[in-house]
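Input: a single structure, listed below in structure tokens.
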Number of protein chains: 2
Amino acid sequence: MTYTKQRILDAAEELFGEHGYSATSLRHIIAEAGVNLAAIHYHFGSKQDLLDQVILRKAGPMNARRLALLDRFEEEAAPEPASVEKILEAFIAPAILIDKSPEFVKLMGRVHAEGLMPEIAQRNFQPTIDRFLSALRRALPQMTAAELAWKAHFSLGAMAHTLTVPTEIDAQAAHESPDVIVQRLVAFVSGGFRAPVTMDKQTEVNR
Amino acid sequence: MTYTKQRILDAAEELFGEHGYSATSLRHIIAEAGVNLAAIHYHFGSKQDLLDQVILRKAGPMNARRLALLDRFEEEAAPEPASVEKILEAFIAPAILIDKSPEFVKLMGRVHAEGLMPEIAQRNFQPTIDRFLSALRRALPQMTAAELAWKAHFSLGAMAHTLTVPTEIDAQAAHESPDVIVQRLVAFVSGGFRAPVTMDKQTEVNR
DNA sequence: GTCTATACTGAGATAGAC
DNA sequence: GTCTATCTCAGTATAGAC
């Protein structure tokens with residue numbers, strides 16, 4: 001990897017995380033990186049592809065950490081399946097605690113939030129997601145596939161929203177340590193997973 | 001309201017919901033609406049202000065419905081406070097079931113997701129949010145303010161993510177009726193709210 | 001008051017010289 | 001590999017027709 005390419009990736013990670021994807025122009029990035037505009041298109045092809053590369057550079061280690069944690073928790077629980085809490089912790093903690101790099105955490109939150117998770121990244125994440133879904137199926141054998149999929153969807157939403165700047169939270173609460181935030185989020189989504197469904201009646205709203 | 005202004009609002013609501021805010025150009029909107037480009041700036045000032053007006057046009061009735069439901073549920077439960085489930089249902093259902101207008105539902109999801117909830121809309125939503133937070137405080141008197149704020153934050157994330165196109169869900173599950181989705185989401189976030197916090201130990205990840 | 005024609009600035013992208 | 005110049009299209013601003 002050339003020096004120029006490296007500088008572009010670093011600047012892009014910082015600026016995308018700080019201001020979001022749309023709000024960051026390639027001209028901001030070249031100013032921060034001290035390179036020429038065309039260099040971005042030479043090395044990456046497009047702004048979208050640059051985002052892909054920024055994500056993929058760190059997503060690999062992040063997902064490896066997730067899978068390692070899941071393996072460990074499953075070993076510790078054997079022969080029983082790992083608990084819902086542990087499985088969700090293995091998925092969530094590496095996303096928030098990744099090597100003390102808050103820029104990347106914010107970036108991942110923004111990428112989820114802006115609906116930009118690109119196909120390339122999606123492909124990269126799919127094996128990890130599949131592995132976690134099958135772990136959850138073992139932990140919750142009575143749950144239907146549709147219900148599991150929805151609960152995973154809700155959980156991803158809660159996680160993504162948490163990764164972005166939490167402006168809705170009191171300033172005080174927002175300054176809690178990442179460890180505490182992980183615990184709060186894991187407890188919340190675990191409660192959601194364990195909650196029973198009540199599908200036997202119309203919603204009250206339509207009475 | 002002039003005919004031109006009306007046409008612009010309708011076209012903007014449809015296109016913002018369909019393709020997102022950033023991906024929709026003002027020139028797309030004027031083509032759909034059959035008006036002149038400058039008419040947008042005459043009537044609305046800017047693209048951002050146009051989005052504000054699109055949201056405010058329907059947010060008022062939506063929040064009114066939320067508050068009406070909350071009032072009814074609180075009356076029915078009196079003298080006890082309304083249950084967490086009912087409070088959350090009163091908040092979530094109108095966002096998803098709003099007058100059979102899936103375009104606006106998608107738009108609200110995208111606005112939350114792209115982090116665009118503009119200040120004007122924020123001001124418009126704040127009284128409703130405050131009303132619901134105080135209802136939740138009554139339903140969960142033992143919960144600390146920080147914990148309640150975080151759980152509301154997680155719930156908003158799950159809801160916003162759900163409003164967007166649920167590509168991560170199986171095609172089958174995605175075609176469930178809005179009623180069922182409301183029930184699933186209410187059950188999920190209610191479980192999250194009722195889940196106990198376990199703040200008494202370090203996360204396992206750091207061992 | 002409403003709307004149109006036109007132009008300005010900055011965005012992402014590309015071709016070609018070096 | 002890198003840089004200059006240029007293209008198209010975005011949001012925006014304004015002058016003026018009706």
Label 7 Å beyond Cα on the Cβ vector: residue B:126 copy-to-copy distances, nm: 4.5
Out of A:154, A:16, A:91, any idea which swings most in a Gaussian network model of chain A, alpha carbons joined below 10 Å? A:154
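Of the listed pairs B:86/B:106; A:47/B:47; A:106/B:106; A:47/B:106; A:58/B:86; A:86/A:106, which have alpha-carbon separations greater than 31 Å here?
Distance filter (> 31 Å) returns A:58/B:86.
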Other copies of residue B:27: label-to-label distances in nm, shortest first, labels 7 Å along the beta-carbon direction: 1.8
Output ³J(HN,Hα) for the stretch B:140-157: one whole-Hz value per residue in order, computed from phi by the Karplus curve 6.51 cos²θ - 1.76 cosθ + 1.60 with θ = phi - 60°, and x for Gly and Pro. 10, x, 7, 7, 6, 5, 5, 5, 4, 4, 5, 5, 5, 4, 4, 5, 4, x
Phi-based couplings in Hz for the stretch B:187-194 (Karplus 6.51, -1.76, 1.60; Gly and Pro marked x): 4, 5, 6, 4, x, x, 5, 7
Of A:196, A:81, A:118, the most mobile residue in a GNM of chain A (C-alpha springs, cutoff 10 Å) is A:196
Ordered shortest first, which distances in nm separate the 7 Å Cα→C-beta label point of residue A:99 from those of the other copies? 5.2
Run the dipole for chain A about the Cα centre, Lys and Arg Cβ at +1, Asp and Glu Cβ at -1, nothing else charged, and hand back the magnitude in debye, nearest 20. 360 debye
nm² value of the averaged projected area, convex hull over the Cα atoms of the stretch B:67-161: 6.4 nm²
Taking the 0 to 90 degree range and rounding to the nearest ten, how far is the long axis of helix A:119-139 tilted relative to the main principal axis of chain A, both from C-alpha atoms? 20 degrees
Coordinate range along principal axes, alpha carbons of the protein assembly as shown, Å, largest first: 58, 56, 42
Inter-chain shielding of A:81-92 (mean C-beta neighbours from other protein chains, 10 Å cut-off): 1
By the mean-Cβ-within-10 Å protection proxy, highest first, B:92-99, B:181-188 rank as B:181-188, B:92-99
Spelling out what I want: for every residue of the stretch B:47-59, take phi, set θ = phi - 60°, compute 6.51 cos²θ - 1.76 cosθ + 1.60 (Karplus), and round to whole Hz; glycine and proline get x. 4, 4, 5, 4, 4, 3, 5, 4, 5, 4, 4, 10, 5
Running a GNM on chain A with Cα contacts under 10 Å, which residue among A:77, A:139, A:113 ends up with the highest mean-square fluctuation? A:77
Inter-site label distance for residue B:6 and residue A:10 at 7 Å from Cα along Cβ, in nm: 5.8 nm
Quick note, chain B: a/c under 1.5 would make it rounded; otherwise a/b > b/c is prolate and the rest oblate (a ≥ b ≥ c, C-alpha gyration tensor); here it is prolate
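Averaged across the residues of B:12-24, what count of C-beta atoms belonging to other chains lies within 10 Å of each residue's C-beta? All intermediate terms of the calculation are to be shown ahead of the outcome.
On the way: counts 0, 0, 0, 0, 0, 0, 0, 0, 4, 2, 7, 2, 0.
Rounded to a whole number, the mean comes out at 1.
Give, to the nearest whole percent, the P(r) tail of the stretch A:31-78 beyond 17 angstrom, counting all Cα pairs.
The answer is 56 percent, as a whole percent.
Quick note: the coordinates plus some simple rules give every number you see, no bench work behind them. All values reported here derive from a predicted model rather than from experimental measurement. No Cβ is skipped: glycine too gets one built from the backbone with ideal geometry, and neighbour counts run over all protein chains shown.
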